[in-house]
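A short write-up of the structure that comes next.
The numbers here are math on the coordinates, done by the rules we state, and not lab data. Every value quoted in this text rests on a predicted model; they were computed, and no experiment measured them. Virtual Cβ from ideal backbone geometry, glycine too; neighbours counted across all protein chains shown.
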C-alpha cells in the first residue's frame, strides 16, 4: 500500500503512522496507553465487522461514545471501512440526539460502555431497528432493550481488518456534524473527504507536528475542532492525550501531561487565568498553542504567551461549513497588541488555496477598511446542509463580480486591511459563541416560548466577557415567575447544557427597535443595569 501520496481519506495518515512506527504511543487515556498497533487491533475489529455486515449503500455510521477507546477506536474503525462517522454526545439531551440520529439516516451505532445510560433511554424511542456494535469486552446492553435490534458484542468481533486504504471518492462524507439551527432543528453539515484532506494538507505543513509530540484533546467529538485534535496528531505518528473527565480545567494538567501541542477555545484559557494558572513560564513544554471557536482577547493571548513562553501562539478561525479552520493569525508579543481591534486578536489571513471576500448587504465586495460580511470559498468549503436545500440556498451563494464560484456566508462582520488581514467585529445575526460552541439564540427562543407558554421569550448571551459569552439567560414577559424552575427543566430536556438558560428574568415589556423587532442590544443593556 502506497500512502506516500496525497491523502485519499481522513484515515490515511493514521495508516501511514501505523505502518511506519506501529509501536509509537497513539493514545494515552489516564493509566491506559495504546500503541498504534494496539489501537488498530481495536479499531480494525470494527472495520472488519462493518465490512461484513453493512451494505455499500450505508455511507455513515454513528458513534455513541465519549473519551474512551470505544470513541477513538470506533471513529477509526468507521473511517477504515470507507464510511463517514456521526458523533453522538452522551451529554446532549435525548431529544436532540434523536433528531440528529434520524436526520443522519444511520442504521448502525458503535457504542461505548460509558454511554449505557443514554443507550437505555434511546433505544425505546427509535422508530426503526438498528445494529449496535459493542466493542467493549465485559459489557452488553440489557437484553430487554434489544428485542427489535441486532447486537454485535466484543465476543463476535474476532476478525481484524488489514490497515488498508479504503476506497473513497472526494465527495464521500468523512464526518457529519450538527450545528445549532434557528428553526429549532440542528443543521447537518456533511464534511467531505476532499474538504478535510485540504485542511489536513495545510495543517501538516503549517504546524509541523512530529512523532515525538504529545497533543491535547480538549474538544467533544461533536465539536468539529476535535477532528484537528485526532487526525493532525495521528497523521504525524504523535500521541493523543485526552484529559481526564475529573480534571478541573485541562490547563491544570497541561504540564503534568507533558503536552507539546495545545488546542482549545479561549474560554479554557480564560478559566485557567482566573484560577491563577497562567504564571510566567508555567507551560515550558508547549511548542504550539492554538485557539479557535470564539473571539480571542489580546490580554488573554499575551498572558498565555507568557505562560507558554516557548510556544507559538496562533488564533484560528473557521465555521463547521468551512472545515475546522480557514484563517490564521500568529501572535507577536511586540507587534500584535497594536494590531488588535476592540481588544480582540485579528483572525488574520486565509489558508493557502482558500478564499475570503468581505461583502455588503447586496453581496458586492467592499474595499479594504470597510466593514462587511465575511464570505468563504475554496476546497475546504462544504456543499451545504443535509437535506435542506432552502437553508443551503440562503447560505451558499454567488457573489457579484466573482463569477460562478460558490461562497459560504458566515454571518460574521469583519474588516480587512490593505495587507489582507481580517479583523473580527461581531455577528450579522443572532448567532453567538457560548464557551466556544456556536449557538443560534433563536433556537433557544423557540424552546423558551413553548416551555413558558408565551410568545414574549428571548434568549440573551450573558454575561459577556472579552468578546464572547459564558452563558445564556432567558428574558420573558407575560409568564408566571413561579414556573421558572419548570421552564429551565424543560429546556434541559431539549437543549445541550451550554444552551440552557442559567436564569430567567421577567420584564414588563420586551423592548423593540424601530422596525418592530426585538431589540436584543437594549435587553443586554437592561441586564447590565440589573447586574
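Order of 465, 180 from fewest to most other C-beta atoms within 10 Å?
Details: 465 11, 180 24.
Sorted ascending by nearby Cβ count, the order is 465, 180.
Where the centroid of each part is defined by its Cα atoms, how far is region 278-327 from region 334-366 in Å?
Result: 17 Å between the Cα centres.
Direction-averaged shadow area of the convex hull around the Cα atoms of region 34-190, nm²?
Values: hull surface 37.5 nm².
Quarter of the Cα hull surface area: 9.4 nm².
For region 338-469, give the share of DSSP beta bridges that are antiparallel, in percent and rounded to the nearest 5; count only bridges with both residues there.
Beta bridges within region 338-469, antiparallel portion: roughly 95 percent.
Order of 49, 241, 421 from fewest to most other C-beta atoms within 10 Å? Mind showing how you got there, number by number?
Values: 49 23, 241 26, 421 17.
Listing 49, 241, 421 from fewest to most nearby Cβ atoms yields 421, 49, 241.
Between residue 360 and residue 153, what is the label-point separation in nm under the 7 Å Cα-to-beta-carbon projection?
6.8 nm
Short version: what are the Cα gyration tensor semi-axes of region 78-163, square root of 5 times each eigenvalue, largest first, in whole Å?
For region 78-163, the semi-axes come out at 21, 17, 12 Å.
Sequence gap at least 6, Cα distance under 8 Å: using those rules, report the relative contact order of the chain to the nearest whole percent.
11 percent
Please arrange 128, 187, 8 by counting, for each residue, the other beta carbons lying within 10 Å of its beta carbon, fewest first.
In increasing order of surrounding Cβ atoms, one gets 128, 8, 187.
Shape verdict for region 388-474, please, from the Cα gyration tensor: rounded (a/c under 1.5), prolate (a/b greater than b/c) or oblate.
Details: a/c = 3.54, a/b = 1.49, b/c = 2.37.
Note, shape of region 388-474 comes out oblate.
By how many nm would the segment from residue 498 to residue 127 lengthen if fully extended, with 0.36 nm per residue of separation less the alpha-carbon distance? Intermediate results must be reported in sequence, preceding the final value.
On the way: separation 371, 0.36 × 371 = 133.56 nm, distance 2.80 nm.
The span from residue 498 to residue 127 would gain 130.8 nm if fully extended.
Measuring from centroid to centroid over Cα atoms, what is the spacing of region 41-66 and region 461-504 in Å?
Using only Cα atoms to place each centre, the spacing works out to 38 Å.
Is region 1-97 rounded, prolate or oblate when judged by the Cα gyration tensor, a ≥ b ≥ c being the square roots of its eigenvalues, rounded requiring a/c under 1.5 and prolate requiring a/b larger than b/c?
oblate
At R0 = 51 Å, how high is the FRET efficiency between residue 509 and residue 275 if r is their beta carbon distance? Nearest 0.05 is fine.
0.80
Could you work out the relative contact order of region 401-499, using alpha carbon pairs under 8 angstrom and six or more residues apart, expressed as a whole percent?
The normalised contact order for region 401-499 reaches 21 percent.
Report the label-to-label distance for residue 427 and residue 486 in nanometres (one decimal), using points 7 Å from each Cα along the Cα→Cβ vector.
2.9 nm
Could you state the number of Å between the C-alpha centres of region 154-172 and region 102-152?
21 Å
When 1/r is averaged over all different Cα pairs and the result inverted, which Kirkwood radius in Å belongs to region 431-530? Please list the in-between numbers first.
Working: mean 1/r = 0.0741 Å⁻¹.
After inverting the pairwise mean of 1/r, the radius is 13.5 Å.
Tell me the relative contact order for region 243-427 as a rounded percent, counting alpha carbon contacts under 8 Å between residues six or more apart.
It rounds to 15 percent for region 243-427.
For residue 212 and residue 140, compute 0.36 nm times the residue count separating them, minus their Cα-Cα distance, and round to one decimal in nm.
Stretched fully, the residue 212-residue 140 segment lengthens by 22.2 nm.
By its C-alpha gyration tensor, with a ≥ b ≥ c as the square roots of the eigenvalues, how is region 243-427 shaped: rounded for a/c under 1.5, else prolate for a/b larger than b/c, else oblate?
Prolate, since a/c reaches 1.5 and a/b exceeds b/c.
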